[in-house]
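The values are calculated or read from the model by the stated rules, or taken from the named source; none is laboratory data. All values derive from a computational prediction rather than experimental measurement. Glycine gets a Cβ as well: all are built from the backbone with ideal geometry, and neighbour counts include every protein chain shown.
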Amino acid sequence: MELSFVIETQSPEETERLGRALADIVPAGSVVALRGDLASGKTCLVRGMAAHYARGVPVHSPTFTLVNEYGDSPRLFHVDLYRLDPEEVIDLGYEEIFEPEGVTVVEWAERAERLLPPQRLDVLLEHAGGDRRRLSFRDHGIMPKDWTTHLTQEGH
């Protein structure tokens, strides 16, 4: 069953807190596909998720390394496809990143649309004026019961 949910954040720090709350409930083996324009908050959301896994390790955007890993078990894989076209994504060896023991977050997921698993969490991030961001979540069968309540309570 697909479930959609929209939440608005008021600042980059609040978007990061929402990322931490999301990381707390996304099951191992999941893929989180992020879409949105430049500066729409994708990296802020991922920074919060990575902070949950990294436990004190600095979190950086993997724009030049393509994939950063955080944590041990489960591990977070942060994939940034901004600089790649769809054919280059295939050459990246994406199959190894979508593994059952980690969580994979893909920025610019539209560049790998046909490679994404059907069961995933899609997140569209949009500018909502000033520092505010609107995040639209669409669960494709991976999220636990009451996940929207957790995000609403913990992300703010």
- Query: So, in the stretch 18-35, of the ones that are touching a strand residue (DSSP E or B) at 6+ places or on another chain (Cβ under 8 Å) and either of a type in the set (D, E, K, R) or part of a strand (DSSP E or B) (or both), which residue ends up surrounded by the fewest Cβ atoms within 10 Å (Cβ to Cβ)?
  - Reply: 35
- Set 64, 98: member being of a type in the set (A, V, I, L, M, F, W, C), closer than 15 Å to residue 43 by Cβ and at pLDDT below 75: 64
- When both residues are 6+ apart or on different chains and their Cβ atoms are under 8 Å apart, which pairs have a first residue that lies in the stretch 100-122 and is within 19 Å of residue 3 (Cα to Cα) and in contact (Cβ under 8 Å) with a residue 24 or more places away in the chain, and a second that is basic (Lys, Arg) and surrounded by fewer than 17 Cβ atoms within 10 Å (Cβ to Cβ)? 121/138; 122/138
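For the stretch 28-44, how many residues are touching a Leu at 6+ places or on another chain (Cβ under 7 Å), of a type in the set (Gly, Ala, Ser) and within 9 Å of residue 104 (Cα to Cα)?
Adding up the residues that qualify gives 2.
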- Item | Failed condition for residue 38, given (1) surrounded by fewer than 16 Cβ atoms within 10 Å (Cβ to Cβ); (2) at pLDDT below 75 | (2)
- Restricting the stretch 119-141 to residues that are farther than 25 Å from residue 38 by Cβ and either among the acidic types (Asp, Glu) or touching a Gly at 6+ places or on another chain (Cβ under 8 Å) (or both), the one surrounded by the most Cβ atoms within 10 Å (Cβ to Cβ) turns out to be 139
- Message: Here are the criteria: (1) modelled with pLDDT of 85 or more; (2) touching a Phe, Trp or Tyr at 6+ places or on another chain (Cβ under 8 Å); (3) aliphatic (A, V, I, L, M). Tell me which single one residue 81 does not satisfy.
- Response: (1)
